[in-house]
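Here is the structure we will look at.
The values are calculated or read from the model by the stated rules, or taken from the named source; none is laboratory data. Model, not experiment: these values are computed from the prediction. Cβ atoms come from the backbone with ideal geometry, glycine included; neighbour counts cover every protein chain shown.
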Amino acid sequence: MRTLLLAGTALLTLAGTAIPAAAQVSDNVIRIGVMNDRSGIYADLAGEGSAIAARMAAEEFGNKVAGAPVEIVVADHQNKADIAASKAREWVDTGGVDVIADVPNSAAALAVQGITKDKKRIFLMSGPGATALSGAQCSPYGFQWTYDNYAMAAGTGRALYEQGKKKWFFVTADYAFGQSLEEETTKMVKSLGGTISGSVRHPLGTSDFSSFLLQAQGSGADVIGLANAGGDTVNAVKQAAEFGITQSGQSLAGLLMFITDVNALGLQSAQGLMLTTGFYWDMDDQTREWSKKFEAKAGKKPTMVQAGVYSAVKHYLKSVEAAKTDDADKVTAKMREMPVEDMFAKKGRIAANGRMIHDMYLAQVKTPAESKGAWDYYKIVKTIPADTAFMDPKQSGCALVK
Amino acid sequence: MFSLLGVPPQVLFGQLLLGLINGSFYALLSLGLAVIFGMLNVINFAHGALYMVGAFVAWLLLTYLGLGYWWALVLAPLAVGLLGIALEKSMLSRLYKLDHLYGLLLTFGLALILEGAFRHQYGVSGQPYPIPAALQGGQNLGFMFLPNYRAWVVVASLTICFGTWFAIERTKLGAYLRAATENPTLVQAFGINVPVMVSLTYGFGVALAGLAGVLAAPIYQVSPLMGTNLIIIVFAVVVIGGMGSILGAIVTGLGLGLLEGLTKVFYPEASNIVVFVVMAIVLLIKPAGLFGRER
């Protein structure tokens, strides 16, 4: 009898230690859904590369945190907000996805943010730039990681203003992201004392920019701000050279440019462009080493979005490990408490509005003569310190900031 | 100086000229579609993909063989034409007896395969292709700066469009072709090899797409998605002009380019749908298209 009792107690204790540990992680697996554009114009700057980056982060933990395996799943939202929303809902409701990561295309990200906020799921945004995501539409579970339109406007807008380019004209992609980028840059330029001579909105995925560029040329502005991204920016820069815009003294500002865009343009067309970036592979030994590993898997150097996915997923997994659970409230508390420290961000921190605050960099595209070879594209002109790189959370319009 | 709805005339002329340039691309592409539909009764959805292949062939020639633009202008359409003939012989020719829908499905599938393959190999950002040295720079026309290359595109595509129209409507070979569409059995009875003629026609139609691809390469990024962006508009052009009408395709292509150019001045947000609005109106009023005949 006594032995039976002992055995029973022992079994219970065993069960007691084993079951709760697993029970703290919902359905015994940490499932991270990387959602982005996998086939359209943003597929190179995010796409499979972001999934690779997320897998690299998981591998550093041996694909296991808090006793549960980590699984990465992927989806293509095709740059459509409705597809993003239904996929996010499916993931959360039936797919057992704990975290959604990346989601470039601000329209899609805004749709996903609404769902993750309602359903208490963590949303790690590396791809989208709209400031509303950490502003009016902020969520206690949503983190904007890599960059945002304010940071782009503040970095590039200010730098060009300081070079004496005071009159701006915008060529803007006609959706949430482009409009937000134009608005942020307008505010920045006006606050410095500059003027806006006009703007034109083009549909996403435009191939011929000549008409818009001609309007920009006729406006007499000093700078033509390209408030678009990916293939749109590439085509606009290429055609601006064709129409002699830069030769005639106007400057071009790619308000959001990724290293894949520079690669696609070639240095001949892209040289001299000023841009703001959250990450460049060739900054220090850590970034070089990580990027080398990434390149071995992806066949190219990482964009800031892909590096940001790595950093965000890593920070999330670290927080799960520390909290010993995947409960969204407890994990976000840990995420906010711990500094973000990895090859992407040094002493990064998450502000109350969900904005991850870290240093940004002002870069200039090298001339073909300066470049030593493939992917040697940027000169880092200056580091924009974390404190001034992003919008003051109090001004963001986010209801979570008190 | 007069101004129209607050838009200065310089801007207006500039935009009209740009519209003409885009229109000449539309014309060249829709011409190929119209030839193929008119002669083969095939709705060639692979047209956009073959346009993309044309641009890629130009890029590959330059990157791997060092052959420049002028070589590409000859070799790329040839390569695309041969690819087209191979596709026609091996697959498309088996579908002529069936409904149009099967040809459409097959070519649509081919387009997806071609684009997917190039996207897998080269990514979506595209590859840069330089403007040939002889056509760099531009002219200041007073109201706008016209790049030499764009002027060349207009001249080249208009020449080819009207050459094609002339060959089909005014020459003996064209007469055979048209006769073969009306009654292939009878034409064959006169000793003309109709299947070969049909293959060559398809090859020629897609070679036009390949040529448009080479012309486009220095302006746009050479990207796997470049065909998808254009093909839907080009189909709308063909429908508005009247399926199978060659003159219709040319005139509508240019006209819609101009209309789109104007939209970009007055209401740029609508520039990608204006063509479809016109299409809807035309289909309501004249279902066979502006230049089409009821069959």
- Residues located in the stretch A:114-170, provided they are more than 20 Å from A:R336 (Cα to Cα) and among the hydrophobic types (A, V, I, L, M, F, W, C): A:I115, A:A130, A:A151, A:M152, A:A153, A:A154, A:A159, A:L160, A:W168, A:F169, A:F170
- Item | Counted residues, the stretch B:119-130 - those being touching a Pro at 6+ places or on another chain (Cβ under 7 Å) and more than 7 Å from chain A (Cβ to nearest Cβ) | 3
- Task: Would you confirm whether any residue within the stretch A:222-241 is in contact with a Lys or Arg (Cβ under 7 Å, 6 or more places away or on another chain), closer than 24 Å to B:L230 by Cβ and either at the interface with another protein chain (Cβ under 10 Å from one of its Cβ atoms) or free of Cβ contacts under 8 Å to residues at least 40 places away in the same chain (or both)?
- Result: no
- When both residues are 6+ apart or on different chains and their Cβ atoms are under 7 Å apart, which pairs have a first residue that lies in the stretch A:152-163 and is in contact (Cβ under 8 Å) with a residue 60 or more places away in the chain, and a second that is acidic (D, E) and part of a helix (DSSP H, G or I)? A:A153/A:E184
- Report, by residue number, each residue of the stretch B:224-252 that is within 18 Å of B:V153 (Cβ to Cβ) and within 14 Å of chain A (Cβ to nearest Cβ). B:M226, B:G227, B:N229, B:L230, B:I233, B:V234
- Message: The conditions are (1) without any contact (Cβ under 8 Å) to a residue 40 or more places away in the chain; (2) in a helix (DSSP H, G or I); (3) not polar (S, T, N, Q), and B:G191 fails exactly one of them. Which is it?
- Response: (2)
- Query: So which of B:A207, B:A167, B:A212 ends up being within 13 Å of chain A (Cβ to nearest Cβ), touching a Gly at 6+ places or on another chain (Cβ under 9 Å) and in a helix (DSSP H, G or I)?
  - Reply: B:A212
- Across the stretch A:184-207, which residue is farthest from the other protein chains (Cβ to nearest Cβ) among those that are out of contact with any Lys or Arg (no Cβ under 9 Å at 6 or more places or on another chain) and surrounded by 19 or more Cβ atoms within 10 Å (Cβ to Cβ)? A:E184
- Query: Name the residues in the stretch B:88-103 that are in contact (Cβ under 8 Å) with a residue 24 or more places away in the chain and farther than 12 Å from B:L40 by Cα, would you?
  - Reply: B:K89
- Task: Go through the residues of the stretch A:232-249 one by one and say whether even a single one is under 19 Å from A:A151 (Cβ atoms), crowded, with 23+ Cβ neighbours inside 10 Å and not polar (S, T, N, Q).
- Result: no
- Conditions: (1) among the aliphatic types (A, V, I, L, M); (2) outside any loop (DSSP other than H, G, I, E, B); (3) modelled with pLDDT under 95. A:A136 meets all but one. Number of the miss? (2)
- Single condition A:D329 does not satisfy, out of (1) outside the structural domain of A:V262 (by TED's automatic domain parsing); (2) surrounded by fewer than 24 Cβ atoms within 10 Å (Cβ to Cβ); (3) touching a helix residue (DSSP H, G or I) at 6+ places or on another chain (Cβ under 9 Å): (3)
- Could you please find all residues in the stretch A:268-289 being in contact with a helix residue (DSSP H, G or I) (Cβ under 8 Å, 6 or more places away or on another chain) and within 12 Å of chain B (Cβ to nearest Cβ)? A:S269, A:A270
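State whether the residues of the stretch B:174-193 include one that is of a type outside the set (D, E) and within 14 Å of another protein chain (Cβ to nearest Cβ). Spell out how you get there, then give the answer.
Start the filter on the stretch B:174-193 by keeping residues that are of a type outside the set (D, E), which leaves B:174-181, B:183-193.
Restricting the remaining residues to those that are within 14 Å of another protein chain (Cβ to nearest Cβ) gives none.
For the stretch B:174-193, residues of a type outside the set (D, E) and within 14 Å of another protein chain (Cβ to nearest Cβ): absent.
Kindly provide the set of residues from the stretch B:42-76 that are outside any helix (DSSP H, G or I) and within 17 Å of the chain's Cα centre (by Cα), ordered by number. Reasoning before the result, please.
Pass one, the stretch B:42-76, residues outside any helix (DSSP H, G or I): B:42-46, B:66-68.
Selection gives B:V42, B:I43, B:N44, B:F45, B:A46.
For (1) of a type in the set (D, E); (2) under 18 Å from the mean Cα position of the chain (by Cα); (3) more than 26 Å from A:Y42 (Cα to Cα); (4) buried (at least 24 other Cβ atoms within 10 Å of the Cβ), each residue gets a yes or a no:
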{"position": "B:F204", "(1), (2), (3), (4)": "no, yes, yes, no"}
{"position": "B:A216", "(1), (2), (3), (4)": "no, yes, no, yes"}
{"position": "B:N272", "(1), (2), (3), (4)": "no, yes, no, no"}
{"position": "B:V278", "(1), (2), (3), (4)": "no, no, yes, no"}
- Item | Members of the stretch A:161-179 that are buried (at least 24 other Cβ atoms within 10 Å of the Cβ) and modelled with pLDDT under 90 | A:F177
- Task: Just give me the residues in the stretch B:77-132 being assigned to a helix (DSSP H, G or I), hydroxyl-bearing (S, T, Y) and in contact with a helix residue (DSSP H, G or I) (Cβ under 9 Å, 6 or more places away or on another chain), in sequence order.
- Result: B:S93, B:Y102, B:T107, B:Y122
- Going through the stretch B:131-142 in order, the residues found to be crowded, with 16+ Cβ neighbours inside 10 Å and at the interface with chain A (Cβ under 9 Å from one of its Cβ atoms) are B:I131, B:G138
- Please work out which residue is nearest to A:M283 (Cα to Cα), limiting yourself to the stretch A:246-267 and to residues that are at pLDDT below 85 and facing chain B (nearest Cβ under 10 Å). A:Q247
- Return yes when A:T131 is under 16 Å from the mean Cα position of the chain (by Cα) and closer than 14 Å to A:A227 by Cβ and no when it is not. yes
